[in-house]
Amino acid sequence: MTAQDIHDKLKAAFGDAVQEAKLDAMQPWIRIAPNRTAEVCAWLHDQPEMKLDYLMCLSGMDYNNGKLGVVYHLSSIEHKHKIVLKTECPKDDPHVLTVSGVWGTANWHEREAYDMYGIIFDGHPDLRRLLMPDDWDGHPLRKDYKVQEFYHGMKVPY
Amino acid sequence: MIEAKTLPTNYVTKPGAIKSSSGKTLRTEEMIVNMGPQHPSTHGVLRLEIIIDGEIINDVIPHIGYLHRCFEKHAEHMTNYQQVIPYADRMDYCSAITNEWAFALAAERMLKIEVPERVEYIRVIMAELQRIASHLIAVGTYGIDAGAFTPFLYCFIDREKILDLFEMTCGARLLYNYVWIGGLSHDLPPKFVEQTKEFCTYFRPRIKMINDLLTYNEIFVKRTANVGVLPKDVAINYAASGPMLRGSGINWDLRRDDPYSVYDKLEWEPQIGKGEVGAVGDCWDRHIVRMREMEQSLNIIEQALAKLPEGNVQAALPKRIRPDKDAEVYVRTETPRGELGFYVVSDGTASPFRVKARGPAFVNLSVLPEISRGAMLADLVLIAGSVDIVLGEVDR
């Protein structure tokens, strides 16, 4: 199934949850609303002709324009087609609905995105920091991140 | 007898608790045991918080991040794309070539560069040698996990021969910085082809020897068969990859199913677990997949050596590497551990705007709690070993 087909079917099923798409890109992507990710992804996962059952990658993003984002790279083991989903949320109130109920692998990826970008995944079963210590200040991969000066009395910037 | 509901939650009897002779259930208490971060069988600095009931594992909570140095932030702060490659090397330090290849491939796809055919063949040869070296570590240390020390030494003797080949090519034994964007840092040295052929002839019988020593050893089979079974649907849902996915009986190999480089011109077969000694997807299946993949890698190397064309080892590159603004690409390659993906976004400058590394070990490790629940504590070492994690890549 081509990206165009996936986009058309998604548009027919969800209407305004599909915000934008760029289907002539090297890897075509579709932008969906951050509060609809779970239902859209569950639908893409379950539809027999889509069967996007393999979440290759989930990346947090800081677009450096006041917005954070999440990028989902999906593929299908059976049909071997791929699609990229994107979603954006404002930096001062970053909420995205979790997809960890759809793909188990999203659990750790979302924890990492929360850790690195501070994106809050609503409905996530266990949203803790993954790579940084629990009591670390700030989210390191944000473009405006300033490293804390001391951590437990140790000087941080070297 | 006290009502169970009046007790604090950790005293509530779990299913499968011991029954006394009178038929009444004896309450057992859950205990939390820490394995790691400094523990030989966690294969690095990994801490597992294990909740056990007697010797049965109720849950495992992995704590990672001890080796975290934020590769992704480093990558954003480099002054050009080429400088990221040594950092990519240091992610999965047991198979550095495949890491740098994945990143170089991402940059090449963004720039739409075609690399010379000789480069593609050399990359394939190097990556497959690296796969053998990496699987030798995996198999050797897995033997140690199961209590067999001798196979480890044999594995390391053979791995050393591969490292010698790498050393004569690029001077480094572990972290090569060999695959560059658009090409390679050096051409092959004069005797490389000859010596690699010799190695292939030498190594084929050694695989059988390691199989005899370890794989079909009765004790090893008893320890690994039917342990840590990863069912197909769970493997896909958790996006497991590499021997972890193929061990569960799914015929999926990116070299064939999402082909890159010249793998489609070579003949070989992806190896899958068939449950020969136990259930499909148990620890033994993951081990045998690695053993058989080494043989397939030898086939690939021999074919690639025979077909190796003459030519340049560096494509023509623009003076400064600057992909188009908003160009983005997700490239996935099959490393010894599975799918290594790089999601690279450009903002039109000479350094990447965003690099996300999707490490196979990171993703494979996230399925560990799923396959450990209900297992015996002593088996956890073998289950964790069969995932074949490299913490440098888990933590990045």
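The values are calculated or read from the model by the stated rules, or taken from the named source; none is laboratory data. The structure displayed is predicted, hence computed values, not measured ones. Positions of Cβ are generated from backbone atoms using ideal geometry, with glycine treated the same way; all protein chains shown enter the neighbour counts.
Every listed requirement among (1) within 13 Å of chain B (Cβ to nearest Cβ); (2) touching a strand residue (DSSP E or B) at 6+ places or on another chain (Cβ under 8 Å); (3) touching a residue at least 24 places away in the same chain (Cβ under 8 Å); (4) not polar (S, T, N, Q) is met by A:GLY118 save one, (1).
Among the residues of region B:303-313, are any farther than 30 Å from B:VAL221 by Cβ and touching a Ser or Thr at 6+ places or on another chain (Cβ under 9 Å)? Within region B:303-313 (the criterion being farther than 30 Å from B:VAL221 by Cβ and touching a Ser or Thr at 6+ places or on another chain (Cβ under 9 Å)), the answer is yes, since at least one residue qualifies.
Checked against the criteria, B:LEU136 does not count as more than 30 Å from B:ASP326 (Cα to Cα), surrounded by fewer than 20 Cβ atoms within 10 Å (Cβ to Cβ) and under 21 Å from the mean Cα position of the chain (by Cα).
Okay, residues lined up against (1) small (Gly, Ala, Ser); (2) within 19 Å of B:ARG286 (Cα to Cα); (3) in a loop (DSSP other than H, G, I, E, B); (4) in the same structural domain as B:ILE300 (by TED's automatic domain parsing):
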{"site": "B:LYS208", "(1), (2), (3), (4)": "no, yes, no, yes"}
{"site": "B:VAL221", "(1), (2), (3), (4)": "no, yes, no, yes"}
{"site": "B:VAL227", "(1), (2), (3), (4)": "no, yes, yes, yes"}
{"site": "B:ALA239", "(1), (2), (3), (4)": "yes, yes, yes, yes"}
{"site": "B:ARG246", "(1), (2), (3), (4)": "no, yes, no, yes"}
{"site": "B:ASN251", "(1), (2), (3), (4)": "no, yes, yes, yes"}
{"site": "B:ARG255", "(1), (2), (3), (4)": "no, yes, no, yes"}
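So that you can scan it fast, the table gives a plain yes or no per residue for (1) at negative phi; (2) in contact (Cβ under 8 Å) with a residue 40 or more places away in the chain:
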| residue | (1), (2) |
| --- | --- |
| B:MET244 | yes, yes |
| B:SER248 | yes, no |
| B:ASN251 | yes, no |
| B:PRO259 | yes, no |
| B:TYR263 | yes, yes |
| B:GLU267 | yes, no |
| B:GLY275 | no, no |
| B:CYS283 | yes, yes |
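Within region B:323-354, which residues are among the hydrophobic types (A, V, I, L, M, F, W, C) and within 24 Å of B:VAL124 (Cα to Cα)? Residues satisfying the conditions are B:VAL329, B:VAL331, B:LEU340, B:PHE342, B:VAL344.
Among B:ALA361, B:ALA378, which is the only one that is part of a helix (DSSP H, G or I), of a type in the set (Gly, Ala, Ser) and surrounded by fewer than 21 Cβ atoms within 10 Å (Cβ to Cβ)? Outline the logic, then answer.
Details: B:ALA361 fails: surrounded by fewer than 21 Cβ atoms within 10 Å (Cβ to Cβ).
Selected residue: B:ALA378, the only one of B:ALA361, B:ALA378 that is part of a helix (DSSP H, G or I), of a type in the set (Gly, Ala, Ser) and surrounded by fewer than 21 Cβ atoms within 10 Å (Cβ to Cβ).
Given the structure, is B:LEU340 part of a loop (DSSP other than H, G, I, E, B), in contact (Cβ under 8 Å) with a residue 60 or more places away in the chain and assigned by TED's automatic domain parsing to the domain that holds B:MET91? Here the answer is no, as B:LEU340 does not meet what is asked.
Annotation: of all residues in region A:17-41 being farther than 21 Å from A:SER76 by Cα and out of contact with any helix residue (DSSP H, G or I) (no Cβ under 9 Å at 6 or more places or on another chain), the one that is modelled with the highest pLDDT is A:PRO34.
Hey, could you check region A:142-158 for residues that are of a type in the set (A, V, I, L, M) and within 13 Å of chain B (Cβ to nearest Cβ) and say which is farthest from B:VAL363 (Cα to Cα)? If you could, list the steps in order and put the result at the bottom.
Taking region A:142-158 as the starting set, the residues that turn out to be of a type in the set (A, V, I, L, M) are A:147, A:154, A:156.
Filter once more, so that each one left must be within 13 Å of chain B (Cβ to nearest Cβ): A:147, A:156.
Numbers: A:VAL147: 28, A:VAL156: 29 Å.
If we take residues in region A:142-158 being of a type in the set (A, V, I, L, M) and within 13 Å of chain B (Cβ to nearest Cβ), then A:VAL156 is farthest from B:VAL363 (Cα to Cα).
What number of residues in region B:344-358 are assigned to a strand (DSSP E or B) and either surrounded by fewer than 23 Cβ atoms within 10 Å (Cβ to Cβ) or not assigned by TED's automatic domain parsing to the domain that holds B:GLY247 (or both)?
2
With respect to (1) surrounded by fewer than 24 Cβ atoms within 10 Å (Cβ to Cβ); (2) of a type in the set (A, V, I, L, M, F, W, C); (3) more than 19 Å from B:ALA75 (Cβ to Cβ), the lone exception for B:ALA384 is condition (1). Examine region A:40-50 for a residue that is at negative phi and within 11 Å of chain B (Cβ to nearest Cβ), and state whether such a residue exists. Yes - at least one qualifying residue is present in region A:40-50.
From A:ARG111, A:ARG31, grab the single residue that is within 12 Å of chain B (Cβ to nearest Cβ), under 16 Å from the mean Cα position of the chain (by Cα) and basic (Lys, Arg).
On the way: A:ARG31 fails: within 12 Å of chain B (Cβ to nearest Cβ).
Of A:ARG111, A:ARG31, the one residue that is within 12 Å of chain B (Cβ to nearest Cβ), under 16 Å from the mean Cα position of the chain (by Cα) and basic (Lys, Arg) is A:ARG111.
Considering only region B:193-237, state which residues are crowded, with 20+ Cβ neighbours inside 10 Å, out of contact with any strand residue (DSSP E or B) (no Cβ under 9 Å at 6 or more places or on another chain) and within 14 Å of chain A (Cβ to nearest Cβ). Once the filter is applied, which keeps residues that are crowded, with 20+ Cβ neighbours inside 10 Å, out of contact with any strand residue (DSSP E or B) (no Cβ under 9 Å at 6 or more places or on another chain) and within 14 Å of chain A (Cβ to nearest Cβ), region B:193-237 yields B:LEU230, B:ALA235. Close contacts from region B:135-162, counting a first residue that is assigned by TED's automatic domain parsing to the domain that holds B:GLU295 and a second that is at pLDDT below 90 and among the charged types (D, E, K, R), with Cβ to Cβ under 7 Å and a gap of 6+ residues or different chains, come to B:ALA138/B:ASP388; B:ALA146/B:ARG223. Among residues of region A:63-76 being surrounded by fewer than 18 Cβ atoms within 10 Å (Cβ to Cβ) and in contact (Cβ under 8 Å) with a residue 24 or more places away in the chain, the one that is farthest from the other protein chains (Cβ to nearest Cβ) is A:GLY66. When B:LEU174, B:LEU153 are checked against the criterion of being surrounded by fewer than 23 Cβ atoms within 10 Å (Cβ to Cβ), under 15 Å from B:ASN99 (Cβ atoms) and of a type in the set (A, V, I, L, M), a single residue qualifies: B:LEU174.
Taking B:ILE97, is it away from chain A (no Cβ under 13 Å) and in contact with a helix residue (DSSP H, G or I) (Cβ under 7 Å, 6 or more places away or on another chain)? Break it down stepwise before answering.
Numbers: away from chain A (no Cβ under 13 Å): yes; in contact with a helix residue (DSSP H, G or I) (Cβ under 7 Å, 6 or more places away or on another chain): yes.
When the stated conditions are applied, B:ILE97 passes them.
With respect to the conditions (1) within 14 Å of chain A (Cβ to nearest Cβ); (2) buried (at least 18 other Cβ atoms within 10 Å of the Cβ); (3) over 30 Å from A:LYS22 (Cα atoms); (4) touching a residue at least 40 places away in the same chain (Cβ under 8 Å), B:ARG373 lacks only one, and its number is (2). For residues in region A:95-108 being among the aliphatic types (A, V, I, L, M) and within 25 Å of A:GLY66 (Cα to Cα), which is farthest from the other protein chains (Cβ to nearest Cβ)? Filtering first and then ranking leaves A:LEU97. Scanning region A:121-141 for residues that are within 9 Å of another protein chain (Cβ to nearest Cβ) and in contact (Cβ under 8 Å) with a residue 24 or more places away in the chain yields A:PRO140, A:LEU141.
Yes/no per residue for (1) of a type in the set (D, E, K, R); (2) at pLDDT 90 or above; (3) not assigned by TED's automatic domain parsing to the domain that holds B:GLY183:
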{"position": "B:ILE300", "(1), (2), (3)": "no, yes, no"}
{"position": "B:ALA315", "(1), (2), (3)": "no, no, no"}
{"position": "B:PRO323", "(1), (2), (3)": "no, no, no"}
{"position": "B:ARG332", "(1), (2), (3)": "yes, yes, no"}
{"position": "B:VAL367", "(1), (2), (3)": "no, yes, no"}
